[in-house]
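First comes the structure, then the notes that go with it.
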Amino acid sequence: MNENGKLASVQQWTEPLVPALLDFRRELHRNPELSFAEFQSTARILSALREAGLDPVPMEQTGAFVDVGRGPIRLGLRADIDALPVLEETGLEFASMTDGVAHACGHDIHTTVMLGVALALKSMDDAGALHGKIRVIFQPAEEKLPGGALSVIEQGILDEVPRVLALHCDPRIDVGKIGTRIGAITSASDTIRIEVNGRGGHTSRPHLTEDLVFAMSQIATQVPAVLGRKLDVRSAVSVVWGQIHAGSAPNAIPATGYLAGTMRCLDGEVWYAAGELLDATVRQVAAPYGVEIKMQHTRGVPPVINAPAETALIEDAARREFGAASIELTPQSMGGEDFAWMTQKVSGAMLRLGTRTPGGKTFDLHRGDYNPDERSISVGVRLMAAAAIQAIDEALAN
């Protein structure tokens, strides 16, 4: 305890848990499950919590949540539990045993960290050192747009939660450090598919066809350019194509083709405006070529907006546990994250948890070779447990 009668550090409660948490993480990593199919993962989480004397609540399909402590809920902590349809290429002894499915985004780390937090808080509560209640949420289907966070909200799991925190592995930050920022930390993310149809014909007579490939090329290049002129450039609207398919012969103009890609944006209000503008822009660009357009615009997630108070909560906890040098300003990511739905409902923030071995290889997320340094687990547990205690202290002081 410090001179104010508050815990100087939570390390005494978190560090003894690390060996068991490493075993839990490796078992989770060995048995990855896709979105809304995390049945074994959910069972493992429930079992670990119940063995500690907690009373977790299963969610409607997969996922669970647990309350630790007494009184009103002071903070929600969220972990995502699903894996990706990616072939693992790490060569680890505990590599995925499910062909074509892997924890290539670090959700096994997220889940293990939040399990550790729940267990540490339970030990503190048993010792009379926890003076409030924390809700820990193990959310399914972050990787499946529009995201399992919506199911958490629909089931009322956030109704009593005044503020919420999450973390995400970052292979660009050394283990022992975290990345934070106020404002948009991730991007809104939508998927777009545009089917283009015309008569087709011979490449020697494009004037007798709708010249579908040329029309597609104009859509591919002009739509991002037009949106960039009609929307505030500070919102960073980005349309990038990942697929363009048409034709099978060099001398034949095809009758059908499609483009598919994503639209991303760092401003929530502009995101809504861009969605309305996209359809009209595609049709305007395609109009001179006489092609038929069929649009599929799937709304994904809004940007995660880190609130100042919750960002400060994270940073205060990090300074107390690891020192000021442990905090970095993280760049904005154009990746999508469904935690954004939670931060639209209650004030919250997400931090970046460093998983790179100092001096080691810099991996990337969503790749089969991603191999986070497991020491990040103890860092994450200690940090998030400290943030939970800080949230309780702040609530009691107000």
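Heavy-atom accessible area, probed at 1.4 angstrom with all protein chains present, ranks ARG44, ARG26 as ARG26, ARG44, highest first.
Relative to the 2.2 N^0.38 Å rule of thumb, the stretch 247-331 has a C-alpha radius of gyration ratio of 1.89.
The candidates ILE185, ILE305, arranged from most to least accessible area with a 1.4 Å probe in the full protein assembly, appear as ILE305, ILE185. Have a look at LYS177, LYS144, LYS294 and tell me which one the Gaussian network model of the chain (Cα, springs below 10 Å) gives the largest fluctuation. Evaluated over the chain, the most mobile residue of the options is LYS294. Surface listing: TYR258, TYR272, TYR370 arranged by accessible area from highest to lowest gives TYR272, TYR258, TYR370, probe 1.4 Å. Scattering from the stretch 125-204 was approximated by placing one identical point on each alpha carbon and applying the Debye formula without solvent; log10 I(q)/I(0) at 0.15 1/Å stands at -0.88. Cα-based radius of gyration for the chain, normalised by 2.2 N^0.38 Å, reads 1.11. For the stretch 389-397, putting each phi into the Karplus relation 6.51 cos²θ - 1.76 cosθ + 1.60 with θ = phi - 60° gives couplings of 5, 4, 4, 5, 4, 5, 5, 6, 7 Hz, in residue order, rounded to whole numbers and with x for Gly and Pro.
Each residue was assigned an accessible area with a 1.4 Å probe, and for ASP55 the value is about 120 Å². For the stretch 68-135, the fraction of C-alpha pairs more than 15 angstrom apart is 62%.
Expressed as a whole percent, the accessible area of the chain that falls on carbon and sulfur atoms is 51 (1.4 Å probe).
Heavy-atom accessible area for VAL57, with the other protein chains in place and a 1.4 Å probe, reaches approximately 60 Å².
Shown here are the Rg and Dmax of the Cα trace of the stretch 180-303, at 16.2, 57 Å.
DSSP beta bridges confined to the chain are antiparallel in about 65 percent of cases.
The values are calculated or read from the model by the stated rules, or taken from the named source; none is laboratory data. The structure displayed is predicted, hence computed values, not measured ones. These area figures cover heavy atoms from the full protein model, side chains too; ligands, DNA and RNA do not enter into them. Shrake-Rupley method; radii C 1.70, N 1.55, O 1.52, S 1.80 Å.
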